[in-house]
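Peer 1: Here it is, the structure in full.
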Amino acid sequence: MARQRGQTKAQRCCAAHRAILHNGPTMNFDSDFWQDLYQQSQLASLVSEPLADLRVNHDLQADAMINASTVPWVSSPAPGVRRIVLERDGGEHTTRATSLVAYRAGSRFAAHVHPKGEEILVLCGVFSDENGHYPAGSYLRNPPGSAHAPFSDEGCLIFVKLQQFSAQDTTQLALSAAPVHTTLPLTAVVRQVLFQRPDERVELVYFVQTGPLPADLQLQGLELLVLKGGLTGSAHHYPVGTWLRDASPETAGLQATAGTQIYVKYGHLGRIA
């Protein structure tokens, strides 16, 4: 798909209003929570040191959960770029990592290669590289062997999965933020497939009404990020900003409140080394 140029804040607001007029959810989930989390990243006091060899939630066969609003920010090799570590196996030359990454306005990374690929979901602001500008709601895939020099002129917060692609996955992808049309209130759940292969499927799932996760998601291990709203289990509540890995098919007890939106990825846990 064609890559979309950056938008001003006013243009993004207009896009959101158009989505409301269409009476449907939108892929642009830019919200107060992600804006606030970004602001917290800019206020945090950090020591600029390389990330030491680190193993956090590295066992993909084990359940894991992190509420992003309760964990510290850590530095990165690039000035002005900070991270929340969700899952990691290794130091700066990591084998695998899943993170929230905040770019201060005007910050940038040097050009680098993705030996095992990179997946990005833009949560707020505008993320950029030499190929284009990507506002909140954009979804990017950079396959194994690809390279870029990312930056952000106005600042941004992104969700990043690094070094986790199948060796056969050569898809370069950039999806722009766009409204998802539905016939409310007849549709209880709206699912937008962002990417799929035999060993991986990535979706945005929007809950028009309060209810359980779709039945097929209850039958397999998955990974999700709560983008809006929240999920509730038998004994836990997972608010917006929660990253959750359910390595075994135990999601049947999860209920989403009306208006909840999640990023969900499944089929990949048994494949990643």
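Peer 1: Can you tell me how many residues within the range 204-227 are surrounded by 19 or more Cβ atoms within 10 Å (Cβ to Cβ) and either at positive phi or not aromatic (Phe, Trp, Tyr) (or both)?
Peer 2: Result for the range 204-227: 12.
Peer 1: Would you mention how many residues in the range 58-73 are at pLDDT 90 or above and crowded, with 17+ Cβ neighbours inside 10 Å?
Peer 2: Of the residues in that region, 4 qualify.
Peer 1: Still on this model: What number of residues within the range 114-144 satisfy the criterion of being farther than 15 Å from TRP34 by Cβ and touching a Pro at 6+ places or on another chain (Cβ under 8 Å)?
Peer 2: Count: 7.
Peer 1: Restricting to the range 26-47, and then to whatever is over 15 Å from VAL101 (Cα atoms) and of a type in the set (Gly, Ala, Ser), can you tell me which residue is modelled with the lowest pLDDT?
Peer 2: The selected residue is SER31.
Peer 1: Go through the residues of the range 116-137 one by one and say whether even a single one is surrounded by fewer than 18 Cβ atoms within 10 Å (Cβ to Cβ), charged (D, E, K, R) and in a loop (DSSP other than H, G, I, E, B).
Peer 2: Scanning the range 116-137, I find at least one residue that is surrounded by fewer than 18 Cβ atoms within 10 Å (Cβ to Cβ), charged (D, E, K, R) and in a loop (DSSP other than H, G, I, E, B), so the answer is yes.
Peer 1: Please work out which residue is farthest from SER31 (Cα to Cα), limiting yourself to the range 222-250 and to residues that are of a type in the set (A, V, I, L, M) and in a loop (DSSP other than H, G, I, E, B).
Peer 2: Kept after step one, since they are of a type in the set (A, V, I, L, M), are these residues of the range 222-250: 222, 224-227, 231, 235, 240, 244, 247.
Those left that are additionally in a loop (DSSP other than H, G, I, E, B): 235, 240, 247.
Numbers: ALA235: 27, VAL240: 10, ALA247: 28 Å.
Applying the filter and picking the extreme gives ALA247.
Peer 1: Moving on to the next point. If ALA105 meets every condition in (1) part of a loop (DSSP other than H, G, I, E, B); (2) open to solvent by 20 Å² or more (accessible area, probe 1.4 Å); (3) of a type in the set (A, V, I, L, M); (4) in contact (Cβ under 8 Å) with a residue 60 or more places away in the chain apart from one, which number is that one?
Peer 2: ALA105 satisfies all of (1) part of a loop (DSSP other than H, G, I, E, B); (2) open to solvent by 20 Å² or more (accessible area, probe 1.4 Å); (3) of a type in the set (A, V, I, L, M); (4) in contact (Cβ under 8 Å) with a residue 60 or more places away in the chain except (4).
Peer 1: Kindly indicate which of HIS148, HIS93 is without any contact (Cβ under 8 Å) to a residue 24 or more places away in the chain and out of contact with any Lys or Arg (no Cβ under 9 Å at 6 or more places or on another chain).
Peer 2: Residue meeting the stated conditions: HIS93.
Peer 1: Something else about it: Restricting to the range 220-262, and then to whatever is in contact with a Pro (Cβ under 8 Å, 6 or more places away or on another chain) and of a type in the set (S, T, N, Q), can you tell me which residue is modelled with the lowest pLDDT?
Peer 2: GLN220
Peer 1: Would you please list the contacts, defined by Cβ atoms under 8 Å and residues six or more apart or on different chains, that run from a residue in the range 120-143 that is without any contact (Cβ under 8 Å) to a residue 24 or more places away in the chain and within 18 Å of ALA105 (Cα to Cα) to a residue that is part of a loop (DSSP other than H, G, I, E, B) and open to solvent by 10 Å² or more (accessible area, probe 1.4 Å)?
Peer 2: Listed pairs, sorted by first residue: ASP129/ALA149; GLU130/ALA149.
The values are calculated or read from the model by the stated rules, or taken from the named source; none is laboratory data. This one's a predicted model, so the numbers in the text were calculated from it and none came from an experiment. Counting neighbours? That spans all protein chains shown, and the Cβs are built from the backbone with ideal geometry, glycine included. In case anyone asks, the SASA skips ligands and DNA or RNA and just uses the protein heavy atoms, side chains included. Shrake-Rupley method; radii C 1.70, N 1.55, O 1.52, S 1.80 Å.
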